[in-house]
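Read-outs throughout are calculated quantities, based only on the coordinates presented, and are distinct from any laboratory measurement. This structure is a prediction, so every number in the text was calculated from the model and none was measured. Neighbour counts are summed over all protein chains in view; Cβ atoms, including those assigned to glycine, are modelled from backbone coordinates with ideal geometry.
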Amino acid sequence: MKKAEVYILSGFLGTGKTTLLRRILQHEKESARKIAVMMNELGSVSIDSDAVDSEVPLKELLGGCICCTIQDKLESQLQGLLFDHDLDAIYIETTGAAHPVEVLDAVLSPLFADKLVIKGIITTVDGKQWINRTSLDPQVHQLLLEQVKHADLVIINKSDLLNESEQAKISMDLQGLNPGAKIILSSYSKMPMKLLEGLAYTKKAETADSHVSADLRLSTYVYRFQNAISQRAFEDFLRALPDSIYRIKGYVLFDHSSYPDLFQYSYGMPFYMKEYMKMPLNLVFIGQVTDWNDIEQQLRKLEL
Ligand SMILES: Nc1nc2c(ncn2[C@@H]2O[C@H](COP(=O)(O)OP(=O)(O)OP(=O)(O)O)[C@@H](O)[C@H]2O)c(=O)[nH]1
């Protein structure tokens, strides 16, 4: 019986997992393989699902991490996918807070032993964030290390923001941490797709942490804009954000425009992309924040 290949896309928040998924999906489309995608998001609303064409079966697991709170849901969603489709491969995009091995454990249920073959864990790393990793929260730093140590393929992404000696230094660091993995430098998650075929999962040493995402104390918050806002005021708001906010994504409507922008923010860097249709103006925040009230007040003020 044919087994569906499983690829786990791992990497901290905003490192380029969805960008990578888009590339892989394009490649799979050209290869005419039947694939499905599972996307796990910490936030309760979906922003990245438009990365997946409508003909590709997609299961979204929102509002928690498959490595801990919604593990059961993953099992039933996988079962559904395998029952409904004759799949060549399944790509699982994890939340940036997930420990890849815990996600793997969730997939390695006896239920799927004769239906799935684990091809490997692909981890994306934000090069600049890696260089500055010691200034991160210690739990986040630990998670970055774990995501690299357990990968079969590591993509050092955002290399457009690194100089040559930084690129060489990171490549050496990561190869030292995980000598068995293939390590490549990339920008916008470009990679030779033949690396996917060659991927073979190998089990690494036992993990240090059992419940990384709980230890990270990450929380999410969704703000829904009712009105258009000034881009300048929004950028002032971003500049004043604390480092404990790791990721923002969603849609913002500026008062000089009739359509919203898809807005992305990771590791302090904002990115805008014009949309040409009306979208719900939800903005998802992820960070080590216990009280989102202050952020909410600031966002409200932007709408006045
Ligand atoms: N400069 C630069 N930006 C990049 C690169 N790759 C991705 N980005 C940008 O980084 C942001 C985050 O990319 P995503 O692919 O959404 O990251 P992600 O890991 O899926 O994010 P989460 O799912 O929220 O954890 C987006 O604005 C991308 O356009 C890169 O190589 N260089």
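Residues to consider are S44, S49; find the one that is in contact (Cβ under 8 Å) with a residue 40 or more places away in the chain, small (G, A, S) and within 16 Å of the ligand (Cβ to nearest atom). Explain how you work it out, then say what you get.
Values: S49 fails: in contact (Cβ under 8 Å) with a residue 40 or more places away in the chain.
The match here is S44.
Would you point out the residue of region 6-24, among those that are among the polar types (S, T, N, Q) and near the ligand (Cβ under 7 Å from one of its atoms), that is surrounded by the most Cβ atoms within 10 Å (Cβ to Cβ)? Steps first, please.
We begin by selecting, within region 6-24, every residue among the polar types (S, T, N, Q); these are 10, 15, 18-19.
Add one more test, that the residue is near the ligand (Cβ under 7 Å from one of its atoms), and what stays is 15, 18-19.
On the way: T15: 28, T18: 21, T19: 21.
Among them, the one singled out is T15.
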Test of understanding: among L81, L144, which residue is in contact with a strand residue (DSSP E or B) (Cβ under 9 Å, 6 or more places away or on another chain), closer than 17 Å to V37 by Cβ, surrounded by 17 or more Cβ atoms within 10 Å (Cβ to Cβ) and of a type outside the set (S, T, N, Q)? L81
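Can you say whether D72 is within 16 Å of the ligand (Cβ to nearest atom), part of a helix (DSSP H, G or I) and not hydrophobic (A, V, I, L, M, F, W, C), as far as the supplied structure shows?
Against the criterion (within 16 Å of the ligand (Cβ to nearest atom), part of a helix (DSSP H, G or I) and not hydrophobic (A, V, I, L, M, F, W, C)), D72 does not qualify.
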Residues of region 243-286 classified as more than 11 Å from the ligand (Cβ to nearest atom), assigned to a loop (DSSP other than H, G, I, E, B) and in contact with a strand residue (DSSP E or B) (Cβ under 8 Å, 6 or more places away or on another chain), total: 10
How many residues are within 12 Å of the ligand (Cβ to nearest atom) and in contact with a Leu (Cβ under 7 Å, 6 or more places away or on another chain) when one looks only at region 144-154? 0
Being closer than 21 Å to V103 by Cβ and either among the polar types (S, T, N, Q) or part of a strand (DSSP E or B) (or both) narrows it down to one residue among V148, V154; which is it? V154
